[in-house]
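Report on one structure; see the data block that follows.
Every number in this text was worked out from the coordinates using simple rules, so none of it is lab data. All values derive from a computational prediction rather than experimental measurement. Methodologically, a virtual Cβ is constructed for each residue, glycine included, from the backbone with ideal geometry; neighbour enumeration extends over all protein chains shown.
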Amino acid sequence: MNPKRPVIIGYDAISPLGLDLATQWRRALAGESGVGRLTRFAGGAAFPVKIAGQAPDIDHLPYAFLKPREQARWPSPIFKYALLTVERALAHAGLTITPELAPRVAVTYSSAVGGQDAVLAADRKLQAEGSLPLPCTNPNSCINMVGGKISMHTGATGPIVSTITACATGVTALTMGALLLAQGRADVVLCGAVDFALVEPIVAGFATMGGAFVPKENQPDESPEQASRPFSIDRRGFVVAEGAGCILLASEAFARDRGLAYNVAIAGWSMTSDAHHFVAPHLPTVRRCIGESIAQAGITPGDVSAVNAHAAATRVGDKVEVDALREVFGDRLPPVTANKSLMGHAMGASSAIEAIFACEGLRTGMLPPTINYRPDPELPIDCVAEGSRKVDQTFVLKNAFGFGGCNTCVVFERLR
């Protein structure tokens with residue numbers, strides 16, 4: 001036993017694939033898509049984006065933080081979805097945060113986009129009616145308020161770190177959690193990310209910058225389920241999605257002493273910055289991030305059983321990721337799965353949800369398929385396109401790359 005080794009004692013997620021994790025995993029293995037028509041707002045005929053990965057509603061569930069008075073103060077959906085995943089992850093772990101434990105519980109749960117929707121709604125009302133914003137408006141937009149609300153709800157009084165690294169935010173939350181455990185600053189860390197970016201100007205902005213999926217002009221409408229196609233020769237950008245994922249880390253000593261179940265550990269990780277371009281990834285620093293995470297795990301590339309890719313389905317991003325993987329792994333590149341083909345791209349929350357899927361794959365020995373795939377000769381890769389695959393996995397690499405050149409890679413290990 002390594003006393004300070006970060007082990008995973010519980011997790012939970014909500015994504016376009018479903019409300020409960022069992023349903024999401026079943027649908028992922030079946031190759032079902034959670035992408036559909038965009039109905040979160042009425043964009044109009046001229047609005048460029050028509051499809052999205054929308055998370056299921058949770059307001060019918062019996063949780064105190066979903067009461068109308070509480071939601072009136074915290075209208076951005078990021079708070080209720082974050083709190084729900086934290087509550088369910090704690091229940092999964094069988095862990096109660098007592099007053100005695102609270103000072104040793106840290107929070108790195110964060111968001112890439114935050115609650116900008118609350119400020120935008122307040123601005124529209126101000127312009128249209130002259131109504132001043134409610135007192136809670138600005139706090140809704142503070143990204144660190146996600147961690148703050150989690151702390152208030154659970155009673156955790158350890159460090160709070162808002163790990164904002166764009167689309168890598170969820171996995172960066174894990175690496176910061178691992179650091180806090182290694183430094184002895186916490187025994188448990190509530191990690192994860194939440195994002196609900198289906199807001200008109202945000203979605204339109206992704207379209208104008210050439211990132212979001214937009215159908216070809218003068219072409220027949222495609223099925224929404226076929227729009228997200230990472231690594232495919234006809235990929236056309238990411239499908240904007242919503243979701244939340246919470247992963248509970250603990251030191252191995254704490255988990256063992258408390259009798260908490262665990263079978264996955266963080267074996268290694270790395271973070272690099274591209275210093276290159278505000279959205280286009282950079283091969284040398286992406287490759288270094290992958291290589292360093294494997295090296296820190298004390299293994300060789302040949303020991304990695306599978307890769308859970310970032311794979312946002314952009315022309316440049318997918319190519320850089322495959323090129324980096326091939327430079328690290330050579331001709332022995334293991335199977336590479338792209339979960340965004342199934343549920344779209346939920347910004348910073350994607351990497352948290354995908355990390356949970358990677359852990360489910362380790363636990364069950366299964367890899368979900370990459371759907372909608374048509375081979376691209378420039379991307380020689382086995383992306384499990386034929387359907388779910390049984391693969392005995394010991395080490396799995398999870399990649400996550402964000403705007404601003406933020407790269408984070410994590411190696412998960414199944415403990416036997």
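Summarised as an ellipsoid, region 266-414 has semi-axes of 20, 18, 15 Å, derived from the eigenvalues of the Cα gyration tensor scaled by 5 and square-rooted, with the largest first. For the peptides 96-106, 64-74, 401-411, 224-234, the ranking by mean Cβ contacts within 10 Å, running from highest to lowest, is 401-411, 224-234, 96-106, 64-74. A straight line joining the Cα centroids of region 173-250 and region 358-416 runs 15 Å.
For ILE353, what is the net charge nearby, where nearby means another residue's Cβ is under 14 Å from its Cβ and Lys, Arg count +1, Asp, Glu -1? Result for the neighbourhood of ILE353: -2. Restricting attention to the chain, lysine pairs at least eight places apart or on different chains and with alpha-carbon atoms under 30 angstrom apart total 26. Each residue in THR154, THR300 was given a count of other beta-carbon atoms within 10 angstrom of its own, and listing them fewest first yields THR300, THR154.
Compute the signed sum of charges (Lys and Arg +1, Asp and Glu -1) over the other residues within less than 14 Å, Cβ to Cβ, of GLN219. Once all neighbours under 14 Å are counted, the net charge is -1. Would you give the gap between the C-alpha center of region 260-292 and the C-alpha center of region 1-69, rounded to a whole Å? Taking the Cα centre of each part, region 260-292 and region 1-69 sit 24 Å apart.
Residues MET343, MET152, ranked from the fewest to the most other C-beta atoms within 10 Å, line up as MET152, MET343. Per residue of the chain, the DSSP helices (runs of n ≥ 4 H) give a summed -39500 (n - 2.57) that works out to -10500 deg cm²/dmol at 222 nm. When +1 charges are put on Lys and Arg Cβ atoms and -1 charges on Asp and Glu Cβ atoms, the dipole computed for region 6-258 relative to its Cα centre reaches about 160 debye. Would you tally the net charge around ARG287, using a Cβ to Cβ cut-off of less than 12 Å, leaving ARG287 out, and scoring K and R as +1, D and E as -1? With Lys, Arg at +1 and Asp, Glu at -1, the net is -3.
Taking Rg/Rh (Cα atoms, Kirkwood Rh) as the quantity of interest, determine which of [x] 0.95; [y] 1.22; [z] 0.98 was computed from the displayed structure. Only one option fits the structure, namely [x]. Summing Cβ point charges (Lys, Arg +1; Asp, Glu -1) relative to the Cα centre of region 266-414 gives a dipole of roughly 180 debye.
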